[in-house]
Each structure stands twice: as structure tokens, then as C-alpha cells.
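Structure record follows, encoded as C-alpha cells.
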Amino acid sequence: MSGQSAATLRKVTVAAPPTTRILSWGRYPKTAHARVYKPAWNDEVREILENAAPDSLLPYGLGRSYGDSCLNAGRGLIDCRRLNRILGFDESSGVVRCEGGVSLSAIIDVFLPKGWFLPVTPGTRFVTVGGAVANDVHGKNHHCAGTFGAHVRQIGLHRSDEGLVTCSPRENSDMLHATIGGLGLTGVIAWADIQLKRVSGPWIDADLVPFESLDSFLYLSRESDGRFEYTVAWLDCFSGRNLRGIFFRGNHAAGRVENVHRKRGPKVPFALPGWILNRYSVKAFNTAYYKLHARKKGATVLPYDSFFYPLDSIRQWNLLYGKHGFLQYQCVIPATNMDAIEELLERIARSGMGSFLGVLKQFGSAPPAGMLSFPRPGLTIALDFAMRGERTLHLMQSLDEVVQQSGGALYPAKDARMSPALFAASFPRWRSFVPYIDPKMSSSFWRRVTGAQ
Amino acid sequence: MIANRKKIVVLGATSGIAVEVERLLARQGHELLLIARSPQRLAELRADLLVRGSSNVLTYSADLASIQGHAAVFDFVRRSLPEYDTVLLAYGSMHDQNDSETSVDILLEELQVNFVSATAILTLFAADLEQRRTGCIAAITSVAGDRGRRSNYVYGSAKGALSLFLQGLRSRLYPAGVRVMTIKPGPVQTSMTDHMRHSARFADPEQVARDIVRALERRSPDILYTPKIWRYVMTAVEHIPETLFKRLSF
């Protein structure tokens, strides 16, 4: 056979049989997808988009969204994890161009040894750049750096209708603002230019301060925001109105440059039986956690990964919640409405369903980087709840009332069940986002909260 | 590190396993010469490998399945990276087995890509390295080549034939001090296998790449099974009597 005819028979990009079920981080809801594409190159993305039916696809990254915003039940996903090339780096400005599937973890591995760090990082390093943009994620430095989207200089966006579109503040700026926080609905991110930040090394000067009331948390926040780049608090959600927790604050440590060696932590091997995390075990955990950290209070130098990503050290920690999965509840309450925070904590404590992952953080006043960005001035609180059916959903509905009355909002990246009314109250401008949705994109979340088809 | 910096030629540089191997090599600062079909993909890959630490990345776009182009490929390598010390052959093609049973064109293409063209290009490099009395030829075949199975014997026979070819080549180049390594991965999660049902036995390409790079750094083994468990699995599979084996449909 002559060599030439070989080329003519080459395969086109195929959809993988959806054998391994794709779930979000909360493992709820349990959905099935009709098709999962796994492009390894950007030219394949174009081909997939061209051949797709309207409203049939959604880009998917590392699946760290908790609810259904990264799912597309009964339809298709474009798994972007193989689109993970770093396309360029400008040493002088610190701007890196990455494909959408590059993980924040990979960026750290390549650039931290060169003295550059992420401008904003969420509580896990296992998210993709595309996911960080699509959810406009925030971190412990929101009060001084804003969201991830604020550090995106330019995006190359695959659109099914217009091809590859460059979006920057000068060019297609409205599409840039729609894509930041746009939940993957505006197209597939081919590449994004991210402004990295110069740091002196991989260590953090951290300071741990126990607190025993909401007022003292607020005081600590106010007092720390000017002096510390990173602030966040862990809270014991069984403490109700007698709030207690640990306030973590830190800055990049100047002068300490020796390498941090990443340890491969333990892994939760399978979904644990649901009864392991019950109100008594979690309460005991919370008390122990509080006492342990209260004893360690004061200044300490930590490797960056244990400061930013304590949970990443336990691989697949989401399996701790058992086969029914869990829900995370993350809301923001306007600063003028602190009573609402106490009411939320009261309701959670009364339900006895709290978790060991309560997080409290004061957002800064940076203007939103995207049309549907979640962070806004106020106090954000995030809590996990094991999925125990109606009981859990009822509790969350009762929390919704408090959030809605206070003029607050819920975070789509964490949500699997908010009502269309609460979504509209949280994102009053959502209708002006609709024209930017790619005609071939849709998601389980979007259909649920807007009634789109 | 500069003292033992390698110069590596990768044939089929954009394949799923090759990309991961190149990343690990780039991190160690090695020089790479990449050959693959798509200039666009080569450019993207090159950028990535430079950021990750490779000291030099050259690219050349060619369809290696077409033997007519081999002389130009070889010529480019000799001109632009004459001191290359390692050749890694990483391209391959796997159609659905059913298609190779019903279409002779697809059957022949499978043999052309995986076996015929591979032996042709390796013959050029073998002569050069034999004369220079140095270097290493490594080629990715497959555990599928260890025994003809119902579910993929066409792909398997092409890869198995390539393994045999490498075995002979190893013996020929041994006196010249040229190493020939046969790499036999089990099933790996890459674009090549996306049409199959992935299961837990499909390895992560990163893990396979780590094994390959570690083996390239050493003088042994001659035949690398990756992940390692496949060495034992295939030993067992090879010992099943044919009368029984022909009744199995896996």
C-alpha cells in the first residue's frame, strides 16, 4: 500500500462512551451525560463545536464545582483537561498565556520556583484556568486583589457562531465581562492571559487568632485587612449565636526561599458509609479542631500549600460524605445586615446538621469583574452539609429565606438546588447576560434556574 | 545537568503519551526535536515545552505514515540536531477492530502506520547511530502485540510485528553500543483509545511517561512494560494454551 492513502482514513474526534460517570465535587445530583468529548488540541474543539446541536454542550474542567453548574444532564460535555498547554510567558510583565484546561496546580509548579504566584487562588489548586474564569473564583485576598477575573488580561474564546474570538478590555470587552463568571456558557476558553504576581518565595508568615463572637471576627477582619494580604476564618458551625472560630491571616514571607516539597497525602479510597459523619462525630471534630488551633495561636511560618490548600492534602475528601454526596451552601450577606449572619448560624446550629467545613470571609469592595460575578461587599459564609434528602433541602430553603431577605446572594459554583427566584434576586442582571450565551451551550444549572430549554 | 543534557528526537510528538514524556524531559532541560503532522499543534506544544524548561525545541511537520517523506525528515534531523542521542518513536493508530475486519483499506492502514512506516523510519536512524556507535532507539509498541486477541488482533499484530523487528534490531545494534528499547504500555487514557470503554485498568498517561523517562535515563531494561503490572499479566496471558485461548473473546 502506498503511504499517501493512509492519511485519508484518519479518524475525526470522537465522543467517548460515557462509561465513567461524571459527577461534580458534591456528588449530587447524580446525572448521566449523553456524550463526553475529550479534545487534546484546540483545533479539535472547533470541530466539535461545528458539529454540535444547539444547546447541547458545556465545557468541563476538573469538576470542582460542587453542584450542577459544571454538569449538562442528558446532553454533552467537552472535557477540557487535555487542553493543558502553557502557550507563553512574558518574564518581564509576568503574564502567562494558558489553554483553558491548565490547572492552577500546574501554574504553581512551573512558576513558583521562578518567583511568581497566582494573583488569586481558591481553596483548592485542582481547578482549571477555564473553571477559575468561568466561576470568577475568589480567595483569601479578595479584600485587596478582587477576584480571579480581575487578573485576566485577555481571553481567546471558541464560539460556535463566530469562531475564535479575542476578548480583552479593548476588543469585545462585553464578551470578556460575560465570560468572566459566565459559567462556561459563553463558549470554550481556548486560552487566557493571566497576570501572575511576584512573590519572594513559597512560604507564608501566618498568624492564627481564635475568636469567640461575630463582633470579634468583624473586628479582626477590619483590623487585619490593611496589614494582611490573606485573611479567612474557620468557624465552628455548632456554636450558633456564640460563634467561635479561628482567624487565619498571612503575608508572603520575605526572604525565605528554600523549596517546599509537595507531599502526596492520603486518599479517601471510596465513598464512606454515610453514618460516619454524624452530628456527634462532627461536633467532636469541630471542638478538637478549635482547641488544637487555639493552642497554636500566634505567628508561624507555613509552606504555601498548607496555608492555601489544607484540604488538598486529603485526596478525594468529598468521598467522606458517603455515596449520597453533600451540598455546599455559600452565600454573601451585605455588611449592613449582620443580624442575618447570626440568624443563619442559629438555624444551622438548631438543625444539628452542620459540618466541619465552615468558612467565613469578609469580601472587599472591588467592583465585579464579570456580569455574573458572585463576590460583592459583605460577609461570605460557606458550609458543607451531607445530603440527607428532604431534611437537608428544607434546612437550605430556610437559609434561603434569610439570605433573600437580607439582600444577599448565593454562589452558583456551589449550588445544586437554589430556586429561580433566589437566582434572580442574587443576579438581577442575568437577563442582560443571555445574549452572550453561545447558541450551542447550556448547563443543568442554567436550565434549572432560568427555565431555559 | 548541562553535562548530561540529552538531545531527543520524537517521532509522533503530538501523541498522548509522547506529550507527557516530552514534558518530563523539558523539565530536566533536555533538547527536543519534535516531528508530527500538524504545524499548528507542533507550535502549541513547542511553546509549552519551552515554558516548562526545555533548552531548545525544534519542530518539523511531516506525516510519518507516508514513507516518501522519510528522507526529508531524516535529513532535517541530521542538519538541525546532528548530535541527537535518542530517538523515541511514539506514533500509532488504533481503529475500531470491527472496522479493520470489514475494510481492507483500514486494515492496511493500521499495518502501514503501526508497522511498515515505523520500521522504515527506524532503519534510517539505526544506520546512522550504528555508524556513530552511540545512542538509543526507543519505540512504543503495545501489550496488545504479545498475543493475538479477538478484540484487537489487527492493531495487536502490527504492534507485535514491530516488537519483533525491534528485537532483531537490538541484537544488530548491540555490538555498536546502541541501545534499543521496546516500550509496551497497557491500555492508556489517550485520544487513541477514546472510542473504547475506559475502565480502571486504563493507565494515566503521566504515569506511563514517568516510567518511560526513568527507563531512558538508565541502561536497562530492553523491554519496558508500563504500568509494571502488565509484565506479569502478559506472562500469564502468554501461557494460556491455544486450545483454551481461542475460545476467549477478550
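Among the numbered conditions (1) part of a loop (DSSP other than H, G, I, E, B); (2) more than 9 Å from chain B (Cβ to nearest Cβ); (3) surrounded by fewer than 21 Cβ atoms within 10 Å (Cβ to Cβ), the only one that A:Ser105 does not meet is (1). Residues in the stretch A:181-224 that are in contact with a helix residue (DSSP H, G or I) (Cβ under 7 Å, 6 or more places away or on another chain) and among the β-branched types (Val, Ile, Thr) were compared, and the one that is nearest to A:Tyr411 (Cα to Cα) is A:Thr186. Counting just the residues of the stretch A:338-364 that are of a type in the set (S, T, N, Q) and either free of Cβ contacts under 8 Å to residues at least 40 places away in the same chain or closer than 30 Å to A:Ala271 by Cβ (or both), which one comes out surrounded by the most Cβ atoms within 10 Å (Cβ to Cβ)? Looking at residues that are of a type in the set (S, T, N, Q) and either free of Cβ contacts under 8 Å to residues at least 40 places away in the same chain or closer than 30 Å to A:Ala271 by Cβ (or both), I get A:Ser355.
Residues checked against (1) surrounded by fewer than 21 Cβ atoms within 10 Å (Cβ to Cβ); (2) within 27 Å of A:Glu44 (Cβ to Cβ):
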| site | (1), (2) |
| --- | --- |
| A:Leu157 | no, yes |
| A:Glu162 | yes, yes |
| A:Pro169 | yes, no |
| A:Thr179 | no, yes |
| A:Gly184 | no, yes |
| A:Ala190 | no, yes |
| A:Leu196 | no, no |
| A:Phe211 | no, no |
| A:Leu218 | yes, no |
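Selection of first residues in the stretch B:224-242 that are closer than 25 Å to B:Leu88 by Cα and of second residues that are assigned to a loop (DSSP other than H, G, I, E, B), restricted to Cβ pairs under 7 Å at least 6 apart or on distinct chains, gives the following pairs, ordered by first then second residue: B:Pro227/B:Gly186; B:Trp230/B:Gly186; B:Met234/B:Asp146. Residues of the stretch A:23-44 that are more than 12 Å from every other protein chain (Cβ to nearest Cβ) and either closer than 25 Å to A:Lys414 by Cβ or modelled with pLDDT of 95 or more (or both): A:Leu23, A:Ser24, A:Trp25, A:Gly26, A:Arg27, A:Tyr28, A:Pro29, A:Lys30, A:Thr31, A:Ala32, A:His33. Within the stretch B:135-166, the residues that satisfy the criterion of being surrounded by 14 or more Cβ atoms within 10 Å (Cβ to Cβ) and polar (S, T, N, Q) are B:Thr141, B:Ser142, B:Asn152, B:Ser157, B:Ser163.
Against the list (1) polar (S, T, N, Q); (2) in contact (Cβ under 8 Å) with a residue 24 or more places away in the chain; (3) more than 30 Å from A:Trp275 (Cβ to Cβ), the condition A:Gln404 fails is (2). Being surrounded by 19 or more Cβ atoms within 10 Å (Cβ to Cβ), away from chain A (no Cβ under 11 Å) and either farther than 23 Å from B:Ile212 by Cα or at pLDDT 95 or above (or both) is a property that B:Leu24 lacks. If only residues of the stretch A:238-251 that are over 16 Å from A:Ala294 (Cα atoms) and crowded, with 19+ Cβ neighbours inside 10 Å are counted, the one that is nearest to the chain's Cα centre (by Cα) is A:Gly250.
Considered as a group, the residues in the stretch B:172-215 that are within 14 Å of B:Ala90 (Cα to Cα) and assigned to a helix (DSSP H, G or I) include one that is nearest to the other protein chains (Cβ to nearest Cβ), and that residue is B:Ser191.
The values are calculated or read from the model by the stated rules, or taken from the named source; none is laboratory data. This is a predicted model, so every value here is computed, not measured. We place every Cβ from the backbone using ideal geometry, glycine too, and count neighbours over all the protein chains shown.
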